[in-house]
Number of protein chains: 4
Amino acid sequence: MIHTGRHFLQVPGPTNVPDRVLRAMASPVIDHRSSEFAELGLSVLERLRAVFKTAGPVVIYPSSGTGAWEAALVNTLSPGDRILMCETGHFSQMWRQVAMKFGLEVDYLPGTWRSGADPEAVAERLAFDRERAYKAVLIVHNETSTGVTSRVAEIRAAMTGSNHPALLMVDTISSLGSMDYRHDEWGVDVTIAGSQKGLMLPPGLAMNAISQKALAASGHARFHRSYWDWHEMLKSNTHGFFPYTPATNLLYGLREALSILFEEGLPNVFRRHDRHGQATRAAVKAWGLETVCTNAHEYSSSLTAVFMPEGRDADRLRQIIVENFDMSLGAGLSKLAGRVFRIGHLGSFNDLTLAGALSGIEMGLRLAGIPPKDSGVTAALNSLLSTCEQVTPSAPLK
Amino acid sequence: MIHTGRHFLQVPGPTNVPDRVLRAMASPVIDHRSSEFAELGLSVLERLRAVFKTAGPVVIYPSSGTGAWEAALVNTLSPGDRILMCETGHFSQMWRQVAMKFGLEVDYLPGTWRSGADPEAVAERLAFDRERAYKAVLIVHNETSTGVTSRVAEIRAAMTGSNHPALLMVDTISSLGSMDYRHDEWGVDVTIAGSQKGLMLPPGLAMNAISQKALAASGHARFHRSYWDWHEMLKSNTHGFFPYTPATNLLYGLREALSILFEEGLPNVFRRHDRHGQATRAAVKAWGLETVCTNAHEYSSSLTAVFMPEGRDADRLRQIIVENFDMSLGAGLSKLAGRVFRIGHLGSFNDLTLAGALSGIEMGLRLAGIPPKDSGVTAALNSLLSTCEQVTPSAPLK
Amino acid sequence: MIHTGRHFLQVPGPTNVPDRVLRAMASPVIDHRSSEFAELGLSVLERLRAVFKTAGPVVIYPSSGTGAWEAALVNTLSPGDRILMCETGHFSQMWRQVAMKFGLEVDYLPGTWRSGADPEAVAERLAFDRERAYKAVLIVHNETSTGVTSRVAEIRAAMTGSNHPALLMVDTISSLGSMDYRHDEWGVDVTIAGSQKGLMLPPGLAMNAISQKALAASGHARFHRSYWDWHEMLKSNTHGFFPYTPATNLLYGLREALSILFEEGLPNVFRRHDRHGQATRAAVKAWGLETVCTNAHEYSSSLTAVFMPEGRDADRLRQIIVENFDMSLGAGLSKLAGRVFRIGHLGSFNDLTLAGALSGIEMGLRLAGIPPKDSGVTAALNSLLSTCEQVTPSAPLK
Amino acid sequence: MIHTGRHFLQVPGPTNVPDRVLRAMASPVIDHRSSEFAELGLSVLERLRAVFKTAGPVVIYPSSGTGAWEAALVNTLSPGDRILMCETGHFSQMWRQVAMKFGLEVDYLPGTWRSGADPEAVAERLAFDRERAYKAVLIVHNETSTGVTSRVAEIRAAMTGSNHPALLMVDTISSLGSMDYRHDEWGVDVTIAGSQKGLMLPPGLAMNAISQKALAASGHARFHRSYWDWHEMLKSNTHGFFPYTPATNLLYGLREALSILFEEGLPNVFRRHDRHGQATRAAVKAWGLETVCTNAHEYSSSLTAVFMPEGRDADRLRQIIVENFDMSLGAGLSKLAGRVFRIGHLGSFNDLTLAGALSGIEMGLRLAGIPPKDSGVTAALNSLLSTCEQVTPSAPLK
């Protein structure tokens, strides 16, 4: 494929990696037992905590996000344990499969894929669980297959209301670093994250943020574990080291990405993602299309999943767009396959790149013979303008 | 300045450098007397010729484009020589100043800055020049300050018609590699170019393509010269070397940029620039604004200069745009200062980046209190679609 | 730490990454579901096989080498299975610990840490195992803590001789891509490797090469597994994809590193490592020091572990060297701690870098008050010269 | 050519560019009229002054060092002016040729190429010049073809002693940033420098540091000039800009290189180069060879030129070394061609890289059938150790 100019990578992750991060990753490898490395290790571990909003430990694995799902389970549970999961979409499904492969008994609270985990339904199940059989409640914060968020704080409130001792585990793979998330304040026990979305890195790192309660649970957890074992990890991390060879160059990238996040400031980062989500939904509405997410208070700020008109193939649209406009969009997954396309608007991103991306979709729809009702791009520009903190030019350009 | 996502560099050069080229430039320096270097030198010198469409020599200086203006003069002329230049805009003015600093007698054919060099006016002057006093006619192919092209072949025809022996020198700084240009076929004697526009490199290299006639003229040219001297350069170039230390890493970049150009194919490159010029003008028209260029057959495909509505300050608009949308546009220069802004749509570029750029201008106009008559972005998308060689998706995406 | 010039990274891995590989890794991330990605995936999977010398599948995990140890176990064995491991040093110990954490019964054939796994002792154990209780024999090909290799083909012969059905699993983390290794010919069932040694990449990828017999065994293996599961992986790999987000940029690096390896040619790569091992041992001998490895037919070509004189602290020497000469050496591990330092001479490396590294050790010894008996550098240069395929200069330099 | 590991670039420039600088150069181009650029421009212009040790202006050209020679002449002199140059080697010769091409009358004080410019001879000529015909005295500080330095302060003293008004111009192309140099204190009027040696950049930038007296002279200088003109340059530089498009990415590199220089500290940088010069000469002596430089107080710290034994071809030696050991050395130039090879030990460099480089020469001599008298490498290591500020290890490595 010949790229003239930049490819538009608008899948909902991996996201566009800032060139500063790519250059940082191109630094020579250093000895992972040196004091120079220890500084790197301590710095990224410390600053990552601020992104998770936790005072507790965060561990980093050389792995994909699915590895961090597995890590959360094997460190805290034992074979045969019963857990409660909420169906939110393809990724809740995938996580459930991991749990089942490990012999966990999964109660899967059914969902429509168009709304988030239901705090009331969770409360009901927990109330019913007199013997406190559930060892954990597992939630996807931002379901990457649907663009629907779940209200983690309300889930925790439901658990607290039921006085239920289960651990709360939350997948933030496509929300961390893009949307407000509060590990400590929301009482989450294990938060799962990956490098390739809001953290603006290539894939290859995954994380667990760990509450004291989760750490205590890991003392009795009887799953075999070595690679994912928190205890060895935390012991080495104290000094900025790792129990096995870390993915040094991805950590270089992480150091730079964290600097970029904090230079912008997390509140600004979140506000930026909110604006882009809003503008994207304005475009979708103008086109006469429908988002998968039905509840306004559950809209994702990092991606938007859009239904095709009845009978039209989303994958054909995506193919037309990639071939004509060099833009990748996310496919519909499992039961949404062919019916949905997904727009990532997260990570290293800005108004004009969003405008370009939406322009590509608008032209793609027309090429695909699906004339949009109205100009989505115009609607998006209106939305962006209405939410723009207009900067008054301080001094004229020369 | 905090960049979230990529800066939109839409000045009419320097242009966005492909990441492949930036990475190539980050290769370690090699000995410029080694056989490994010679291969590099021969390869770029050879392939550059195809871009100029010449079978003759092209020389490369470590310098800016202005250096290549100077090189063209000092290699072919002598102090006091009379030359004919056509006023096309700021850059014809600047080149004229160089000529005057070197003590050349410049006849400056007046122009409006809204149309290209006039072949008939040139013919008239040459006809009048019975003693053949003019040693050279100097033309800017694509006037970067106005977005107006000059018809080089017709200028040459005028010269041939007058049977005038003057050399023809053409500045292609903002057209080479973006618009069709034919050094040999059009009978140009010296073509001047730079690295930072259609060649998709950072600034730092400049070129002269040289006809046999120009080479012969250099034998009698009496300007002092050393750095710019063609003869030493050509002697070393034969073996892929340079008479003084070349800018090795920019040459790495050039090698990669030439590969990118030829992978796309020059005809495709030119067609792409034409489409983007056309779409940009569609946007300008929809906004109710006016391009500086008045003649449809002289539109530049690499940049568009746009007049502000009467009484509105272009520099304030540019400032609003850079501060709110992180996009750089070109300023109006000399007599167009404050009245004009310039959009670069050349180099490593594509439809969606153009759509993003035009979206930034459209929002900037509104923030500046200059409501566009109509949506320029929509007009541009229509234009792009109407000129899009629709690619029929071969196989569905998975 | 201020580096003037390049740091000498002479630990036995991670190794010095070629700048070509670092630049390749700095390419923008692409969609891991795109056809462009599929080409990348197919290309690296295909060419990796040639490095393992196998016609069978190789899988790549985003993980460290220890992850690939775990993967080998959980894919082929079941809790409570009995396995035979050979003590060769720290890393055989670590692998054993992984096995024990997974509830495997490990028979650990004792070793001196100064010689490789003993084929006769293995044969004896297997002969004794009438009920065929051993499900696998586990060997470290090149023990990174000692610089001793084990004779894999002879181990296999011992197994064949005993007609024992156990699987043979071999850790080649610090030998693959540096020393000759033949997965198929030697009858290995699972080969474990990592990216950060002979493959000249940063850490972050690990591999399993898998025999048909191992694949069959995985059908009955009862360990819980998801992340490490071969079957999902192999299914996706068929089309160049991965079952979860792959570490795309490390795969870019792998593609480039494989190109570099094949440009040099594996036989040349191995010969180069042999020469460097030999020269290093010549230096050690001249210094009057002793290598950990005692048998000439078990010398490692990728690293050399060296005993300090009685009573001298290896870590103090390493500290002196890193602070004065900006070179990292490997520490003595577990029972060799403080008594041994290790020199990595593998990966992207050449004669003059080796000479520089040995010079640093020679000066370090003197600064540490351990005057070398004789010049090790001179001995190494003699060795390099004696094994140098002298290139007759073809044409004089200009 | 296949490189296994790093090429040893030991020509006396271009030098090995730190990877930090290469990565900095790979940053995206920015608008050279933006405030972001102005910060870059002001920062490098300001910090460069400290390297020249001047409070006056320094200008930066996109050009090679030879361009900066030309710039020094055309800004200060007029056609037909008489100047005094000192023969020191090939580069004094080349600069003289530039002067002659510009119609200057050059008195060329003969030299042996084995010692620096002679202050007494200069004094004598100036004393003889009753009419003050000499407009300038031109000296090469560090003659790159011979490794001989000239005593600039003594030359200035000679001029002051003669009360002669001539300007003093000094070429520091291969000394600036490697050896102590003091533009203001030594009373130099124009200092010429380039990017690709002690400044640790790729070639492509050249500089003039300018005294008030030189600036005043430029007011009456009658050479035609435009590209090299100081006045336009200085006017733009005030605000961090340039009168024509600057080589932005090389300026990124310069910013990073200056940071590296100041992190180490100029006195440490100079001391490091002194140590390496001394160690190199120790090696040359041990080999039984002779340096071109005969006076101990004129040894260059940035390069060493070495005579071959009578009848032996230096270029064959260099060819053997590059083909067998992947190291580039400098050739003998003009009258030293074939008789001399030159070792660069400047820029981004350290003890172990020097040891590697000298090892390559030692092995090369032996392959060429020129057995060295004694081990130069051992002599160099002794020298390095004797001048090493031994760092006492603060805390043991783990």
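The residue pairs whose first member lies in segment A:123-145 and is touching a residue at least 40 places away in the same chain (Cβ under 8 Å) and among the β-branched types (V, I, T), whose second member is assigned to a helix (DSSP H, G or I) and surrounded by fewer than 23 Cβ atoms within 10 Å (Cβ to Cβ), and whose beta carbons are closer than 7 Å, counting only pairs six or more residues apart or on different chains, are A:V137/A:M159; A:V140/A:F91; A:T144/A:F91. Criterion first (of a type outside the set (D, E), more than 7 Å from chain B (Cβ to nearest Cβ), assigned to a helix (DSSP H, G or I) and closer than 26 Å to A:V21 by Cβ) does A:L346 satisfy it? For A:L346, the condition - of a type outside the set (D, E), more than 7 Å from chain B (Cβ to nearest Cβ), assigned to a helix (DSSP H, G or I) and closer than 26 Å to A:V21 by Cβ - is not met.
The residues listed here are D:G277, D:G253, D:G204; of these, the one that is in contact with a strand residue (DSSP E or B) (Cβ under 9 Å, 6 or more places away or on another chain), on the phi > 0 side of the Ramachandran plot, surrounded by 20 or more Cβ atoms within 10 Å (Cβ to Cβ) and of a type outside the set (D, E) is D:G204. Only one of the numbered conditions (1) farther than 20 Å from B:N16 by Cβ; (2) facing chain A (nearest Cβ under 8 Å); (3) in contact (Cβ under 8 Å) with a residue 40 or more places away in the chain is violated by B:D351, and that is (1).
Hey, among the residues in segment A:296-343 that are more than 13 Å from A:T280 (Cβ to Cβ) and in contact with a Ser or Thr (Cβ under 7 Å, 6 or more places away or on another chain), which one's nearest to the other protein chains (Cβ to nearest Cβ)? For segment A:296-343, the residue satisfying everything is A:S328. Taking only segment D:375-389 into account, find how many residues are within 7 Å of chain C (Cβ to nearest Cβ) and among the small types (G, A, S). Result for segment D:375-389: 1.
Exactly one residue out of C:L336, C:L358 is touching a helix residue (DSSP H, G or I) at 6+ places or on another chain (Cβ under 9 Å), in contact (Cβ under 8 Å) with a residue 24 or more places away in the chain and closer than 19 Å to C:H90 by Cα, and it is C:L336. Of (1) touching a residue at least 12 places away in the same chain (Cβ under 8 Å); (2) within 19 Å of C:G13 (Cβ to Cβ), C:P246 satisfies all except one. Which? Of everything listed in (1) touching a residue at least 12 places away in the same chain (Cβ under 8 Å); (2) within 19 Å of C:G13 (Cβ to Cβ), C:P246 misses just condition (2).
Of A:L199, A:L251, all but one fail to be assigned to a loop (DSSP other than H, G, I, E, B), among the aliphatic types (A, V, I, L, M) and within 18 Å of A:L22 (Cα to Cα); the exception is A:L199. The residues in segment B:31-60 that are over 18 Å from B:M200 (Cβ atoms) and either of a type in the set (V, I, T) or at the interface with another protein chain (Cβ under 8 Å from one of its Cβ atoms) (or both) can be counted, and the count is 8.
Do you know which residues across segment A:44-74 are β-branched (V, I, T) and not in a helix (DSSP H, G or I)? If you could, list the steps in order and put the result at the bottom.
Of the residues in segment A:44-74, the ones β-branched (V, I, T) are A:44, A:51, A:54, A:58-60, A:66, A:74.
Matches in segment A:44-74: A:T54, A:V58, A:V59, A:I60.
Residues that are more than 23 Å from the chain's Cα centre (by Cα) and at the interface with another protein chain (Cβ under 7 Å from one of its Cβ atoms) were ranked within segment A:1-17; the one that is surrounded by the fewest Cβ atoms within 10 Å (Cβ to Cβ) is A:I2. Is it true that B:D118 is touching a Ser or Thr at 6+ places or on another chain (Cβ under 9 Å), closer than 20 Å to B:A214 by Cβ and among the acidic types (D, E)? Answer is no for this residue. If you take the residues in segment D:18-30 that are in a loop (DSSP other than H, G, I, E, B) and farther than 17 Å from D:V44 by Cβ, which one is nearest to the other protein chains (Cβ to nearest Cβ)? Looking at the filtered set, the residue picked out is D:A26.
Looking at the structure I just gave you, is A:G356 within 11 Å of another protein chain (Cβ to nearest Cβ) and more than 17 Å from the chain's Cα centre (by Cα)? Break it down into steps so the answer makes sense when it comes.
Details: within 11 Å of another protein chain (Cβ to nearest Cβ): yes; more than 17 Å from the chain's Cα centre (by Cα): yes.
Yes; evaluated as a whole, the condition is true for this residue.
The set of residues in segment C:226-238 being assigned to a loop (DSSP other than H, G, I, E, B) and surrounded by fewer than 22 Cβ atoms within 10 Å (Cβ to Cβ) consists of C:D229, C:T238.
Hey, among the residues in segment A:356-379 that are among the aliphatic types (A, V, I, L, M) and touching an Asp or Glu at 6+ places or on another chain (Cβ under 9 Å), which one's nearest to A:T291 (Cα to Cα)?
Filtering segment A:356-379 for residues that are among the aliphatic types (A, V, I, L, M) and touching an Asp or Glu at 6+ places or on another chain (Cβ under 9 Å), the one nearest to A:T291 (Cα to Cα) comes out as A:V377.
Taken residue by residue, segment A:298-320 has at least one member that is free of Cβ contacts under 8 Å to residues at least 12 places away in the same chain and touching a Pro at 6+ places or on another chain (Cβ under 9 Å).
The single condition among (1) under 17 Å from B:R33 (Cβ atoms); (2) not in a loop (DSSP other than H, G, I, E, B) that D:G338 does not satisfy is (2).
Looking at C:D189 and the list (1) surrounded by 24 or more Cβ atoms within 10 Å (Cβ to Cβ); (2) of a type in the set (D, E, K, R); (3) closer than 22 Å to C:E264 by Cβ, which single condition is not satisfied? With (1) surrounded by 24 or more Cβ atoms within 10 Å (Cβ to Cβ); (2) of a type in the set (D, E, K, R); (3) closer than 22 Å to C:E264 by Cβ applied to C:D189, the lone miss is (3). Assess whether D:W113 counts as being of a type in the set (F, W, Y) and within 14 Å of another protein chain (Cβ to nearest Cβ). Taking the combined requirement at face value, the residue does not satisfy it.
How many residues, within segment C:48-83, are of a type outside the set (D, E, K, R), surrounded by fewer than 20 Cβ atoms within 10 Å (Cβ to Cβ) and in contact (Cβ under 8 Å) with a residue 40 or more places away in the chain?
If we filter segment C:48-83 for residues that are of a type outside the set (D, E, K, R), which is where we start, we get C:48, C:50-52, C:54-69, C:71-80, C:83.
So of that shortlist, the ones also surrounded by fewer than 20 Cβ atoms within 10 Å (Cβ to Cβ) come out as C:50, C:55-56, C:78-80.
Filter again for in contact (Cβ under 8 Å) with a residue 40 or more places away in the chain, leaving C:50, C:55-56, C:78-79.
Total satisfying the criteria: 5.
None of C:S27, C:S34, C:S43 is buried (at least 18 other Cβ atoms within 10 Å of the Cβ), out of contact with any Leu (no Cβ under 7 Å at 6 or more places or on another chain) and either modelled with pLDDT under 95 or more than 24 Å from A:R20 (Cα to Cα) (or both) except C:S34.
For segment B:68-105, how many residues are β-branched (V, I, T) and in contact with a strand residue (DSSP E or B) (Cβ under 7 Å, 6 or more places away or on another chain)? Working first, answer last.
Initially, segment B:68-105 is screened for residues β-branched (V, I, T), giving B:74, B:76, B:83, B:88, B:98.
Imposing the further condition that a residue be in contact with a strand residue (DSSP E or B) (Cβ under 7 Å, 6 or more places away or on another chain) reduces the set to B:76, B:83, B:88.
Summing the residues that are β-branched (V, I, T) and in contact with a strand residue (DSSP E or B) (Cβ under 7 Å, 6 or more places away or on another chain) in segment B:68-105 gives 3.
Check segment B:299-306 and report whether any residue there is surrounded by fewer than 23 Cβ atoms within 10 Å (Cβ to Cβ) and more than 21 Å from B:P14 (Cα to Cα). No: segment B:299-306 contains no residue that is surrounded by fewer than 23 Cβ atoms within 10 Å (Cβ to Cβ) and more than 21 Å from B:P14 (Cα to Cα).
Among the candidates B:F241, B:F262, single out the residue that is at negative phi, assigned to a loop (DSSP other than H, G, I, E, B) and either touching a strand residue (DSSP E or B) at 6+ places or on another chain (Cβ under 7 Å) or not charged (D, E, K, R) (or both).
Values: B:F262 fails: assigned to a loop (DSSP other than H, G, I, E, B).
Every option except B:F241 fails the conditions.
Taken over segment D:140-180, the criterion of being surrounded by 24 or more Cβ atoms within 10 Å (Cβ to Cβ), out of contact with any helix residue (DSSP H, G or I) (no Cβ under 8 Å at 6 or more places or on another chain) and of a type outside the set (S, T, N, Q) is satisfied by D:G147, D:V152. Under the condition of being within 14 Å of chain D (Cβ to nearest Cβ) and part of a loop (DSSP other than H, G, I, E, B), the residues counted in segment B:207-225 number 5.
The values are calculated or read from the model by the stated rules, or taken from the named source; none is laboratory data. Keep in mind it's a predicted model, so treat the numbers as computed, not measured. Counting neighbours? That spans all protein chains shown, and the Cβs are built from the backbone with ideal geometry, glycine included.
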